[in-house]
Structures are given as structure tokens and as C-alpha cells.
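One structure is given below, encoded as C-alpha cells.
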Number of protein chains: 2
Amino acid sequence: MAVRKAIYLGTFVHCKTLQELEICPNSAIGVDEMGVIAFVDRHVKDPSSIKSRPGWEDAETVAASESSFFFPGFIDTHIHASQYPNAGIFGNSTLLDWLNTYTFPLEGSFTSLSKASRIYNRVVSRTLSHGTTTATYHATIHVPATNLLADICKRKGQRAFVGRVCMDRMSPDYYRDENPETAVRDSRACIEHVRSIDPKFELITPVITPRFAPSCSEASLRGLGELHKETGVPCQTHISENKSEVALVKELFPKAKSYTHVYDDCGLLTSKMILAHAVYLSEEERALIKTRDAKISHCPASNTALTSGAARIRDLLDRGITVGLGTDVSGGYSPSILEEARQAMLVSRHVAMQDGDGAKLSTEEVLYLATRGGARVVGLEDKIGGFEVGMDWDAQMVRLGTVSGDGQGGLDTGLVELFGGEDWNECVAKWLYTGDDRNTVAVWVKGRLVHQLATYRP
Amino acid sequence: MAVRKAIYLGTFVHCKTLQELEICPNSAIGVDEMGVIAFVDRHVKDPSSIKSRPGWEDAETVAASESSFFFPGFIDTHIHASQYPNAGIFGNSTLLDWLNTYTFPLEGSFTSLSKASRIYNRVVSRTLSHGTTTATYHATIHVPATNLLADICKRKGQRAFVGRVCMDRMSPDYYRDENPETAVRDSRACIEHVRSIDPKFELITPVITPRFAPSCSEASLRGLGELHKETGVPCQTHISENKSEVALVKELFPKAKSYTHVYDDCGLLTSKMILAHAVYLSEEERALIKTRDAKISHCPASNTALTSGAARIRDLLDRGITVGLGTDVSGGYSPSILEEARQAMLVSRHVAMQDGDGAKLSTEEVLYLATRGGARVVGLEDKIGGFEVGMDWDAQMVRLGTVSGDGQGGLDTGLVELFGGEDWNECVAKWLYTGDDRNTVAVWVKGRLVHQLATYRP
């Protein structure tokens with residue numbers, strides 16, 4: 001789908017490395033009809049000169065105001081689209097009782113397509129409004145509803161990985177796969193549907209999704225492993241989120257060397273596997289994940305809310321394991337990756353209280369996880385997560401609030417408050433700690449405008 | 001200042017006990033000209049009958065819509081008004097270096113009254129917009145700027161405790177009290193100013209504010225203790241926030257039995273003392289605090305952000321110590337008590353990962369701390385924190401978002417999403433986990449409307 005060529009003008013911020021933000025004021029980025037970054041000009045002295053660049057005379061121009069900047073779109077590497085109506089509802093429960101009390105009854109109701117349509121439309125609109133340009137979704141076991149989620153993502157223009165959930169044991173009668181064969185058959189059906197609406201998986205990609213080892217028989221895991229090998233379609237699941245769950249896996253898979261080996265033994269632990277949580281991995285498991293180059297989705301808000309534990313992210317990063325962020329709605333209470341990045345910082349400080357200061361994640365590091373890290377988790381590091389020539393324009397315009405000279409008025413533009421004199425690094429820190437969707441005034445995926453704040457006038 | 005009599009109609013939610021929310025649908029509360037609750041009617045069958053109550057025929061009526069409810073105003077028991085421009089800025093620092101790098105330079109600049117005016121106007125407007133009807137402020141050492149903060153609170157109608165900060169050692173030359181005598185003299189001047197604008201301390205109360213033991217000579221602490229005894233004015237300070245600080249106090253006060261004893265020895269540890277943080281208190285110190293009936297302001301967001309530690313709130317509550325919540329801006333990054341209540345739940349879950357499930361605070365408990373608990377901390381439990389006859393109408397109207405049948409539109413009313421079918425407890429949980437100032441559509445203090453969301457039409 002072609003878009004109108006556009007030139008974006010203003011300040012651009014993205015992550016250069018895990019430790020370093022690159023801040024480019026007075027710059028210009030040209031995006032071609034395919035939504036691909038065609039040029040990046042630094043230190044533009046005369047913005048009008050940009051318009052006269054040969055071939056770009058008719059391009060639209062989008063300028064960020066003085067207190068605004070462009071930032072790469074966020075990548076949510078783990079979100080249960082179907083659980084969104086339960087966001088904020090879990091009381092004092094922990095993983096296994098939470099699943100039975102809150103989650104399975106809701107997911108089980110996705111036999112209703114009108115209900116699925118309402119919820120999935122909502123989730124996609126909301127995540128876009130939070131600047132999530134790419135989301136890796138768990139849907140439910142239902143083929144029609146899962147296919148509908150893929151359709152909605154395509155229509156609204158969100159880059160998405162859409163997974164039909166597989167679960168053929170330890171699940172309620174009203175909500176489970178009949179047997180390993182139907183689990184694989186139905187997963188295949190969802191893959192084929194995505195192929196029919198997006199043959200090259202340019203915007204939407206199917207993802208093979210065993211819920212987690214306790215919900216899957218060994219036969220179904222093996223079947224999905226074979227499907228993965230046959231199709232090359234990526235995979236996602238949960239791992240080592242909660243101590244009771246880890247004990248349960250040990251009991252259910254007595255022959256496996258570890259939880260991680262359960263997936264490895266079935267051909268699922270490859271470089272295209274996204275493992276959510278990874279709170280209680282042994283030394284050996286972390287080494288195996290590194291060897292296989294499997295990816296980790298860190299979900300700090302959920303891990304805290306469900307009292308699951310605190311993942312040791314510094315250790316994973318030090319080993320060179322690829323990590324991104326996941327909101328894990330509705331174990332996580334918020335569909336915002338900005339909130340998740342904030343929680344990643346806060347949780348790392350609780351880890352630091354135990355393990356020492358080295359565990360702390362910085363502003364730069366959590367923003368890296370939210371963009372470049374997530375891009376590597378979903379295997380799109382050459383396309384998204386930063387602003388380089390040849391990458392897709394998946395971006396958000398972030399507008400910060402400025403306080404008037406007398407301190408009055410202007411409460412409506414959001415919670416970030418610039419008093420003047422802040423440098424760009426401080427502006428970004430304020431956004432990360434105090435910002436929300438009110439600061440994300442416009443969002444683009446592959447050059448297409450997919451969200452605009454109602455009160456924002458370009 | 002008289003207000004127009006008013007009848008509030010709809011659902012009222014407040015905390016009955018630490019563990020229990022009381023939810024009263026179809027009810028009415030009448031508020032008299034003094035802003036005091038004159039009657040509470042449960043289960044009103046015919047709202048028009050309320051209007052014909054003798055003496056209330058001319059009262060204004062304010063009705064909450066179906067997805068709205070009235071909730072007591074929040075009480076912030078510890079906030080540094082002067083530090084607000086730094087909210088979100090602290091990098092990876094911890095308490096003592098954070099003070100020198102970020103805090104003292106900002107506070108020291110409050111010699112400028114125009115700067116103070118801008119910042120204090122902003123803080124008071126913002127905290128009101130977050131539903132904070134009572135705030136216990138630390139200002140700076142400057143008498144004129146501190147008096148201005150009191151004036152602004154009075155003008156904007158926020159119930160406030162305003163403290164001039166005392167610090168006569170271990171502080172930069174450009175920002176310290178000259179000696180113990182001037183520290184006491186200047187504190188007295190601020191008390192007298194409040195007396196001149198609000199003789200009975202009906203809305204504004206001065207509060208004696210030694211910064212914390214490391215910043216105060218023993219002579220100044222003793223002087224402030226005498227001032228406290230003489231005037232009966234309440235006190236506030238910090239205690240045991242960070243391990244290095246605790247070690248420093250031990251070094252600076254070699255004769256004191258503990259950090260808590262430093263304050264007790266100087267006559268400051270009374271039932272009118274608010275102690276912020278209380279992360280690393282010994283058994284003996286907790287017992288002493290209980291004996292003296294001193295109060296604790298729990299500041300979880302700050303304690304996490306500055307990697308100070310995780311306060312053991314369950315233990316304090318089990319001992320019968322009075323606890324409220326404090327945003328501790330700008331150690332805390334947000335001036336919202338709703339966010340602080342959320343952080344109190346999350347931090348209690350990190351404590352539970354260490355100490356066991358008993359440490360977890362529930363939705364009900366953190367909302368209690370945010371209202372009734374805070375009221376007891378500031379000694380106003382008979383006036384604010386709940387909806388009983390004879391109490392002041394310090395309240396907020398909370399409006400939750402509702403998702404349309406097709407899931408489209410309506411992104412602008414805030415982040416709380418009701419899909420229908422949620423019971424009131426689930427609605428409150430959603431507000432607590434996903435709500436923000438967009439849900440606080442109107443705020444009253446002593447019956448006076450002090451904030452209204454720009455997009456809200458009653």
C-alpha cells in the first residue's frame with residue numbers, strides 16, 4: 001500500500017546503543033511511497049531547502065514543534081489481546097489461580113465474534129494510541145476470532161504478530177484444544193489466513209503459540225515444533241514466570257532436563273522463539289537460550305502485579321541474550337510500553353536492592369528494550385526500532401507540555417511539565433517517568449498515519 | 001468562606017475499614033454552607049424527593065453519571081512543592097548524591113519570588129487536578145517563598161500543611177540556615193504568617209520542618225522541639241530512608257540510641273510528627289514510634305526510584321502505627337496519590353517476594369492509606385477521609401470510561417475501560433490500576449469546587 005512521500009522535520013531521538021541515546025535536533029527524514037526512510041539529513045540550516053530536493057518537491061512536510069520530537073514506535077513483544085477487558089482486575093491472586101479465576105472464562109468467551117470484534121478493535125486502537133507500532137499478540141484458541149484480530153490489525157495498520165493459542169491439557173473443558181492434531185490443524189488454519197490477507201507477511205505475521213508447557217501435551221508441543229520447522233513461522237510462549245509453575249513443569253515433564261529443555265526437546269527453542277517472563281531460569285537454561293539465540297520478552301508490570309518475581313535483566317543482557325519488553329496484558333495492567341519501560345526501571349531497582357547497583361537499568365537502556373531490543377526479539381532489527389536509511393518509518397511524534405510563565409493553565413496537554421532549561425536528555429527522562437498517551441500525538445507505521453490525538457493539530 | 005448548599009447524588013465509595021470499601025449506590029449527601037456533610041441518605045428511590053427536603057429546596061444538585069462515583073479527596077502526607085520541576089529527573093542517583101546534584105541547587109533558587117510563584121501555582125493546580133484535597137508540603141528555607149505557598153494554597157482552596165525547611169549544617173553555603181537561632185526564628189515567622197491569613201488554621205496549617213537529622217544541628221533540633229511544644233504546631237521530617245543516611249546519622253549523633261531517638265531526644269517525636277519513609281527502622285525504633293504515636297508517610301515511588309529500599313508497611317500496620325501515603329516529589333516522580341497508591345501495591349508485592357504473601361497490600365488497603373490513613377497522619381480523621389455526617393466535603397468525582405458496543409471511538413476520556421458487567425469493586429480496581437487525572441472530573445474542598453476537568457460538563 002503506497003503512501004504519500006513525506007519529509008519529517010525537527011528533533012529525532014532514537015537509541016544508538018543499549019547505553020546511548022542519539023538526539024538529532026534540526027534534522028530531516030524523508031520517507032518514500034513505500035514507507036521507507038530514503039534520506040536522513042542532520043543539522044538542516046534551512047528547512048525550505050529540504051523541499052527543493054530533487055524528487056521531493058511534492059512531498060508532504062510534517063514538522064515537530066520545539067517541545068516535540070520523533071521517536072521510534074514502541075514494540076510490545078508480549079500482549080494477550082483477548083485479556084484486555086480484565087486489565088487491572090486480579091486482586092491478590094497469583095499466576096495459576098489467576099488463570100482459572102479471571103483469564104480462562106474471558107478467553108473462552110471468544111466463540112462470540114461480535115465480542116471478539118469489540119475487544120480486538122479496542123486493543124489495537126489503544127495500543128496504537130500508546131505508540132505501539134508493532135505488537136506480538138496472543139489471541140485465544142478460536143480460529144475465527146484469531147483471524148479477525150489479524151484482519152483488524154491489517155485494517156488499522158498496526159504491524160502485528162498474531163498467535164492462535166494452543167492448549168490441550170490442564171485447561172477447562174470449555175476452553176481447550178481437543179487433541180494435539182486439532183491444535184496443530186487450527187494453528188495451521190490461522191497461518192493460512194494471514195497468508196491470504198498478507199502473502200509476504202509484510203505487516204501481519206502469524207506466530208505459533210503454545211500457551212505454556214503446563215497447558216500443552218508433549219505431543220502437541222512436538223506437533224507445533226514440526227509446524228515451526230515446516231513453515232518457518234515464528235513462535236512464542238511463556239517460560240519460568242512463577243515458582244509454582246516451574247514446579248508443575250518439573251512434575252509434568254519428568255524426563256526433561258529443565259523447563260527450557262521442554263521447548264528445546266520439541267524443536268521450539270530456536271532463534272525465532274519469543275519466551276515471555278524468564279524470571280526463574282537456571283544457569284544452564286540461560287546458557288541454552290543463548291546458544292539457541294531464543295529471545296526474551298521482559299514483562300515487569302505483570303511480574304510485579306501477580307507477585308511472580310523479578311527477572312534478572314542485567315544478567316541476560318550481559319550474556320548477550322536478546323531482550324524486549326512486553327505489557328503482558330492483563331497480567332500486566334497497562335497496554336502502554338512507556339509504562340512498561342518505567343516499570344522495567346523500577347523493577348530493576350528492586351533487583352538492585354538485592355543484587356547491587358549493577359542491576360539498575362537506565363532511561364537509555366529501557367528505551368532501547370522498548371524499541372531496538374523489541375525489534376531484535378521479533379526479528380525485524382533491520383526494519384524497525386531506529387531511524388536509519390532503508391528502515392521503515394514506524395514512528396511516533398512525542399509532544400511534551402510546557403509550563404507558562406505564571407504557572408497557570410495548560411493542564412490538558414498531559415502530565416509532562418517542562419519549565420524551560422531542561423536539556424534533551426532530561427526531557428526524555430521526564431517523558432519516560434511522567435508521560436502517557438497524551439504525549440503521543442501522532443503515530444505512523446510503514447509511513448502510514450495510524451493514530452492521531454484528537455486534540456493535536458499538526 | 002460560605003459555599004452554596006449542595007446535594008450530591010449517585011454512587012459514593014469510601015473506606016469503611018482498612019480492609020473494606022463501602023459502596024453506596026443511589027445515595028445522596030447534603031453539604032451545608034460551611035462545606036460540612038449535613039445528611040447522608042442511602043438507597044434513594046426518588047432523587048426528586050431529596051430536593052424537597054425542608055431547608056434544601058434551593059440547594060444545587062450535582063449528580064454523578066452511571067459510570068461515575070464520588071470518592072474522598074486524596075491526602076498527600078509528604079510532598080516537596082519546591083522540587084516539582086525536577087519530577088522525573090534523577091538518573092541513577094541515590095539519596096545523598098541526588099540531594100547535592102539535583103535538589104539543593106533547585107531549592108536554593110527560591111530566593112526568587114517570581115520563580116516560586118510559577119512553581120507553587122503549578123504544583124497546587126496539578127495536585128488538585130489529581131484529586132489531592134490535602135497536601136503536606138515541604139517548601140524551602142526561604143520565608144517569603146514559603147509564605148507565598150501558603151497564600152497560593154489558600155487562594156486555590158487546597159487544604160495544606162506548609163512547612164518552611166530548616167537545615168543548618170551539611171548543606172551548601174548558598175542554601176542553609178545561618179544558625180539554630182535563625183532556623184527557629186524563620187520557622188516562627190512562617191507560623192505567624194499562616195496565623196495572619198488563617199487564624200484558626202481552618203484550611204492552612206503551618207508545620208515545623210527540620211529537613212532531616214543530617215541537615216540539622218542538635219541545637220536546631222532542640223530549638224524546633226521547643227517551638228513545637230510552645231505552639232502546638234505539627235512537625236514533619238524524614239527518617240531512615242536510605243542505608244548511607246542511617247549510617248551518617250549514627251556518626252553525627254553518636255550519643256543517640258537510634259535515628260528515631262535523635263528526634264525523640266529533642267522533643268520532636270510526638271503524635272503530631274509525620275515521619276517520611278521509615279524504610280530501615282529497628283524493632284526498638286518501631287516500638288518507640290508506636291509509643292509516641294508518631295505518624296508515618298509511606299513514599300513507595302520515591303523509595304523505588306532512588307533505590308532507597310522497600311518499607312515494611314504490613315508490619316507497621318500490624319503494630320497499629322498510623323500510615324499514610326506521600327508522593328515525595330521529586331524523589332517520587334509523580335504528584336498523583338492514585339499513582340502512589342498503585343506503587344504502594346506494587347512495592348508491597350516486591351516485599352512479599354521476600355517476606356511472604358502476608359506483606360501484600362490490597363486495593364482496599366492502599367485506598368485506605370490514601371484517604372483515612374492520610375487523615376489520621378495529619379490529625380484530621382474527624383474531618384476528612386470519608387463520607388460521614390459532620391465531616392467536611394473534601395471529595396472528588398471519578399468518571400470511568402466506557403467502551404462502545406463496537407469498540408471504536410472514545411479514546412479521550414482516559415485509560416480506564418469498562419466493557420460492562422464489571423461490579424463496583426472491579427470498577428474501583430480498574431481505576432486504581434489504570435486511572436489518572438482524566439478520571440478525576442471535579443474536586444471539592446470544604447464544599448468549594450477547586451478543580452474541574454476542562455472537558456467535563458456536569
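Here, each number is a calculation from the coordinates, and none is a lab measurement. These figures come from a predicted structure and were not determined experimentally. Positions of Cβ are generated from backbone atoms using ideal geometry, with glycine treated the same way; all protein chains shown enter the neighbour counts.
Can you give the net charge of the other residues whose Cβ lies under 13 Å from the Cβ of A:Y263, counting K and R as +1 and D and E as -1? Don't jump to the answer; show the numbers that get you there.
Working: positive: A:R211, A:R222, A:K257, A:K272, A:R292, A:K295; negative: A:E218, A:D264, A:D265, A:E285.
My count for the surroundings of A:Y263 gives +2.
Of the options A:T61, A:S82, A:N92, report the single residue whose Cα projects farthest towards the positive end of the charge dipole of segment A:22-102 (beta-carbon charges: Lys, Arg +1; Asp, Glu -1).
Farthest towards the positive pole: A:N92.
Please identify the DSSP H helices in chain B that span no less than 18 Å along the helix axis (Cα) and have a mean Kyte-Doolittle hydropathy of -0.5 or more.
On the way: long enough: B:113-129 (23 Å, -0.22); B:143-156 (20 Å, 0.06); B:180-197 (26 Å, -0.42); B:218-231 (20 Å, -0.80); B:337-355 (25 Å, -0.04).
Both cut-offs are met by B:113-129, B:143-156, B:180-197, B:337-355.
Considering only the label points, 7 Å along Cα→Cβ from Cα, what distances in nm to one decimal separate B:G405 from the same position in each other copy, shortest first?
Distances to the matching label points in the other copies: 5.3 nm.
Between A:A276 and residues 5 or more places away or on another chain, which pairs have amide H atoms under 5 Å apart, with H built 1.01 Å from N, and which residues are they?
Those qualifying (amide H under 5 Å, at least 5 residues apart or on another chain) are A:T237, A:H238, A:I239, A:S297.
Taking the Cα atoms of segment B:299-399 alone, what are Rg (to one decimal) and Dmax (as a whole number) in Å?
Spelled out, the Cα radius of gyration and Dmax of segment B:299-399 are 14.0, 43 Å.
Taking the Cβ of A:R188 as the centre, find all other residues whose Cβ is under 12 Å away and add up their charges (Lys, Arg: +1; Asp, Glu: -1). The partial results should precede the final answer.
Working: positive: A:R164, A:R185, A:R195; negative: A:E181, A:D186, A:E192, A:E226, A:E230.
Summing Lys and Arg as +1 and Asp and Glu as -1 gives -2.
Shortest first and in nm to one decimal, what separations exist between B:K16 and its copies in the other chains, measuring from label points 7 Å along the Cα-to-beta-carbon line?
Copy-to-copy label distances for B:K16: 6.1 nm.
Report the FRET efficiency, 1/(1 + (r/R0)^6), for A:T182 and B:S196, where r is their Cβ-Cβ distance and R0 is 60 Å, rounded to 0.05.
Details: r = 80 Å, r/R0 = 1.33.
The value I calculate is 0.15.
Calculate the length of the line joining the C-alpha centroid of segment A:1-61 to that of segment B:305-334, in whole Å.
Rounded to whole Å, the Cα centres lie 46 Å apart.
Can you list the distances in nanometres, one decimal and ascending, from the A:D355 label point to the identical position in each other copy, with the point 7 Å along Cα to Cβ?
The answer, with the shortest distance listed first, is 2.3 nm.
Can you give me the long-range amide H partners of A:T132? Hydrogens built in the peptide plane at 1.01 Å from N, cutoff under 5 Å, separation of 5 or more residues or another chain.
A:F74
Give the residue list of trypsin sites (Lys or Arg not before Pro) in segment B:246-276 that are DSSP loop and have at most 16 other beta-carbon atoms within 10 angstrom. Kindly include the intermediate steps, with their values, before the conclusion.
Working: sites: B:K250, B:K255, B:K257, B:K272; in loops: B:K255, B:K257, B:K272.
Within segment B:246-276, the qualifying trypsin sites (Lys or Arg not before Pro) (loop, at most 16 other Cβ atoms within 10 Å) are B:K255, B:K257.
What is the gain in length, in nm to one decimal, between A:V389 and A:D293 on full extension, counting 0.36 nm per residue of separation less the C-alpha to C-alpha distance?
Working: separation 96, 0.36 × 96 = 34.56 nm, distance 2.67 nm.
31.9 nm is the gain from fully extending A:V389 to A:D293.
Magnitude of the Cβ-charge dipole of the protein assembly as shown, K/R +1 and D/E -1, about the Cα centre, nearest 20 debye? Walk me through the numbers on the way to the answer.
Values: 98 positive and 114 negative charges, 130 e Å.
Taking the Cα centre of the protein assembly as shown as origin, the dipole is about 620 debye.
Using only the Cα atoms of chain A, what semi-axes does the equivalent ellipsoid have when each is the square root of 5 times a gyration tensor eigenvalue? Give whole Å, largest first.
So the equivalent ellipsoid measures 37, 24, 20 Å along its semi-axes.
How far, in whole Å, is the closest Cβ of chain A from the axis that maps A onto B, and which residue does it belong to?
A:H350, 2
Would you kindly state how much longer the chain becomes between A:L18 and A:A63 on full extension, computed as 0.36 nm times their sequence separation minus their alpha carbon distance, in nm to one decimal? Let's see the in-between values first.
Numbers: separation 45, 0.36 × 45 = 16.20 nm, distance 2.77 nm.
In short, 13.4 nm is gained.
Other chains' Cβ within 10 Å of A:343-352 residues: what's the mean?
Details: counts 2, 0, 3, 10, 3, 3, 11, 12, 2, 4.
Other-chain Cβ atoms within 10 Å of each residue's Cβ, averaged: 5.
What fraction of the DSSP beta bridges in the protein assembly as shown is antiparallel, stated in percent and rounded to the nearest 5? List each step's numbers first, then the result.
Numbers: 54 of 124 bridges.
DSSP beta bridges in the protein assembly as shown are roughly 45 percent antiparallel.
Neighbour counts of other C-beta atoms within 10 Å: give me A:I7, A:I274, B:I23 arranged from fewest to most.
Values: A:I7 22, A:I274 28, B:I23 17.
With the sparsest Cβ surroundings first, the list reads B:I23, A:I7, A:I274.
Sort segment A:89-152 into rounded, prolate or oblate with this rule: let a ≥ b ≥ c be the square roots of the eigenvalues of the Cα gyration tensor; rounded if a/c is under 1.5, and if a/c is not under 1.5, prolate when a/b is larger than b/c, oblate otherwise. It would help to have the intermediate numbers written out before the result.
Numbers: a/c = 2.22, a/b = 1.32, b/c = 1.69.
Oblate is the answer for segment A:89-152, as a/c is 1.5 or above yet b/c matches or exceeds a/b.
Using only the alpha carbons of the protein assembly as shown, determine the length spanned along each of the three principal axes and report them from longest to shortest in whole angstroms.
For the protein assembly as shown, the Cα spread along each principal axis is 84, 67, 56 Å.
Let's test the formula: R0 of 25 Å, r as the Cβ-Cβ distance of B:S112 and A:S48. What FRET efficiency results, to the nearest 0.05?
On the way: r = 40 Å, r/R0 = 1.60.
The formula returns an efficiency of 0.05 here.
What list of ³J(HN,Hα) couplings, whole Hz, do you get for segment A:48-56 from phi and the Karplus terms 6.51, -1.76, 1.60, once you set θ to phi - 60° and write x for glycine and proline?
5, 5, 4, 5, 8, 4, x, x, 10
Please order B:D76, B:D315, B:D382 by the number of other Cβ within 10 Å, starting at the fewest. Let's see the in-between values first.
On the way: B:D76 32, B:D315 16, B:D382 13.
By the 10 Å Cβ count, ascending: B:D382, B:D315, B:D76.
Say a site is exposed when it is one of the GluC sites (Glu not before Pro), sits in a DSSP loop, and has at most 15 other Cβ atoms within 10 Å; what is then the longest site-free stretch of chain B? Let's see the in-between values first.
Working: sites that count: B:E20, B:E33, B:E57, B:E66, B:E178, B:E202, B:E388.
It runs B:203-387.
Would you mind working out the magnitude of the charge dipole of chain B relative to its Cα centre, with +1 at each Lys and Arg C-beta and -1 at each Asp and Glu C-beta, to the nearest 20 Debye? Provide the component values of the computation, followed by the final result.
Values: 49 positive and 57 negative charges, 148 e Å.
Charge dipole, chain B, about its Cα centre: 700 debye, nearest 20.
Classify segment A:331-458: rounded, prolate or oblate, from the alpha-carbon gyration tensor (a ≥ b ≥ c, eigenvalue square roots; a/c under 1.5 rounded; otherwise prolate if a/b is larger than b/c)?
Working: a/c = 1.91, a/b = 1.10, b/c = 1.74.
Here segment A:331-458 falls in the oblate category.
Counting pairs of alpha carbon atoms under 8 Å apart in space and at least six apart in sequence, what relative contact order in percent does segment A:74-377 give?
Values: 645 pairs, mean separation 59.5, N = 304.
Relative contact order here is 20 percent.
Can you work out the Karplus-derived ³J(HN,Hα) for every residue in segment A:384-400? Use 6.51 cos²θ - 1.76 cosθ + 1.60 with θ = phi - 60°, whole Hz, and x for glycine or proline.
Here the 3J(HN,Hα) series is 9, x, x, 10, 10, 4, x, 8, 6, 7, 9, 8, 10, 9, 10, 10, 9 Hz.
Could you calculate the contour length gain from A:T455 to A:D318, that is, 0.36 nm times the residue separation minus the distance between their Cα atoms, to one decimal place in nm?
Details: separation 137, 0.36 × 137 = 49.32 nm, distance 4.28 nm.
Residue separation times 0.36 nm, minus the Cα-Cα distance, leaves 45.0 nm.
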